[in-house]
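Note sheet for the following structure.
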Amino acid sequence: MLERRNNGFVESTLALGPQTPPVILVDDPAFGIKSGRFGFDVTAAPGELVVIEGSMDFLAWVPLQTSTAGTEPVHFSDPDTGAVGWRFYHARVGP
């Protein structure tokens with residue numbers, strides 16, 4: 001936490017270290033279509049909020065799932081696999 005005194009007022013800000021982005025595990029048995037749904041596992045630092053987003057054009061990203069990472073990978077399975085022609089995915093640290 002950093003504190004700065006300005007004209008008698010104290011301003012506090014929380015200093016955050018660099019965040020490690022979540023990683024989609026592509027060389028994992030969970031990656032791919034299983035039971036008609038495309039899915040994958042994601043690793044992140046325990047306690048991090050992981051947001052899986054999907055896009056059909058790399059411009060508009062829609063949140064599909066939000067999970068808190070633990071010691072095991074977060075699993076994502078797209079319920080709309082058959083309804084969309086294709087979709088790109090990425091994982092980011094939330095909120």
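The values are calculated or read from the model by the stated rules, or taken from the named source; none is laboratory data. Everything quoted here is computed from the prediction, not taken from an experiment. Ideal geometry is used to build each Cβ from the backbone, glycine not excepted, and the neighbour counts take in all protein chains shown.
Things worth noting here:
- Complete set of residues in region 37-57 that are in a loop (DSSP other than H, G, I, E, B) and surrounded by 16 or more Cβ atoms within 10 Å (Cβ to Cβ): Ala44, Glu48
- Test: residue in region 10-20 that is at pLDDT 90 or above and either in contact with a helix residue (DSSP H, G or I) (Cβ under 6 Å, 6 or more places away or on another chain) or part of a strand (DSSP E or B) (or both): no
- Of all the numbered requirements in (1) within 18 Å of Gly94 (Cβ to Cβ); (2) at pLDDT 95 or above; (3) in contact with a strand residue (DSSP E or B) (Cβ under 6 Å, 6 or more places away or on another chain), Pro46 misses one, and that requirement is (3).
- The listed residue being polar (S, T, N, Q) and either modelled with pLDDT under 95 or more than 15 Å from Pro95 (Cα to Cα) (or both), out of Ser67, Ser55: Ser55
- Within region 58-79, the set of residues being in a loop (DSSP other than H, G, I, E, B) and either small (Gly, Ala, Ser) or without any contact (Cβ under 8 Å) to a residue 24 or more places away in the chain (or both) comprises Leu59, Ala60, Ala69, Gly70, Glu72.
- Among residues of region 26-36, those that are surrounded by 14 or more Cβ atoms within 10 Å (Cβ to Cβ) and either on the phi > 0 side of the Ramachandran plot or not in a loop (DSSP other than H, G, I, E, B) (or both), counted: 0
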